[in-house]
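One structure is given below, encoded as structure tokens.
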Amino acid sequence: VPVFDVAGGVVVHAVAGNRSQYAAISRELPVEVIWRHVLRRFSSGHCYVADLDAIVGHRPQVELWERLVHIAAVWLDAGVRTAATLVDLKLPENVIPVVGSETAVELDGLLEASATTELIFSLDLRQGTPISADPAWQGLSSTEFARRLVHRGAKKLILLDLAAVGMGQGVPTLPLCRQLKQEFPDLFLITGGGVRSPDCLLQARDAGVDALLVASALHDGRITPEDISRVTGGKG
């Protein structure tokens, strides 16, 4: 799944979660041009978008979302904090909201909302330790946090270690992915962060991952369409 981190109206290169150091991939090319190029090249009908402005508490890039939904279906992390703010976003139909533990201050309310609204929950980690804005969920291990999310209704779950993002040193969440997939075989499991080569695609598949988020390795050519086709049997 192609990943686009967006800040200030441009696509940026994410590095280890240090957002003040994120540099624009291109200031000349409009976001839509980059989107179309990547999605066309990788035959992807959807993508993951992190609205970094919204995540850090600034004004969401609503106009950008409205343009992008004409290009692809979007998994969107727009810094959802509560069930009420989720409603206030008024997202287009082909957008699935991502609820990140980094920003959600009322996880239980959002888990209740997932019974009637399709949501993807993201367990955000830093060097293996959960990042939680909800005081009631703080202090849990990554395994305990993930189990609680699933037991309380999460059907789609992202495991993402921010310290690995953009570093190209491998995906550190795969052992946890393997464990969770064994415990919850029906869970739709997504991970990413640190993808460096086609080997990471194979390792993710073997760990039971259903979707792998890829950003830097797509933009700089370390992962090619041929690599993806080889691993997925041409299914994308």
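Structure notes:
- Per-residue extension of 0.36 nm, minus the Cα-Cα distance of residue 186 and residue 224, leaves a gain of 10.8 nm for this segment.
- Other residues lying with their Cβ under 15 Å from the Cβ of residue 2 contribute a combined charge of -1, Lys and Arg counting +1, Asp and Glu -1.
- Within the listed set 216, 132, 44, the residue fluctuating most in the Gaussian network model of the chain (springs between alpha-carbon atoms under 10 angstrom) is 44.
- Annotation for residue 96 and residue 151: the two label points, set 7 Å from Cα along the Cα-Cβ direction, are 2.5 nm apart.
- Surrounding net charge for residue 94, when Lys and Arg each add one and Asp and Glu each subtract one, Cβ distance under 15 Å: -1
- Under 5 Å between amide hydrogens, built in the peptide plane, is the criterion, and for residue 5 it picks out 12, 50 among residues at least 5 positions away or on other chains.
- Computed over the stretch 3-232: relative contact order in percent, which uses C-alpha pairs under 8 Å that are six or more apart: 15
- In a fully extended conformation the segment linking residue 117 and residue 197 would gain 25.3 nm over its present Cα-Cα distance, using 0.36 nm per residue.
- Among 134-145, 69-80, the order from most to least packed when residues are scored by Cβ within 10 Å on average: 69-80, 134-145
- Using alpha carbons only: equivalent-ellipsoid semi-axes of the stretch 33-136, gyration tensor based, whole Å: 24, 15, 13
- Taking 16 Å as the straight-line reach from the Cα of residue 90, the aspartates and glutamates in range (excluding those fewer than 8 positions away in the same chain) are 51, 63, 66, 77, 118.
- Take every DSSP beta bridge whose two residues both sit in the stretch 102-236; close to 15 percent of them are antiparallel.
- Pair-distance profile P(r), taking every C-alpha pair of the stretch 160-228, with 5 angstrom steps and integer %: 3, 19, 31, 24, 14, 7, 2, 0
- Within the chain, percent of DSSP bridges classed antiparallel, to nearest 5: 20
- Per-selection Rg to Rh, the chain - Cα, Kirkwood hydrodynamic radius: 0.93
We did not get these values from a lab; they are worked out from the coordinates using the rules stated. Values in this document were obtained by computation on a predicted structure and should not be read as measured data. Using ideal geometry, Cβ is built from the backbone for each residue, glycine included, and neighbour counts are taken over all protein chains shown.
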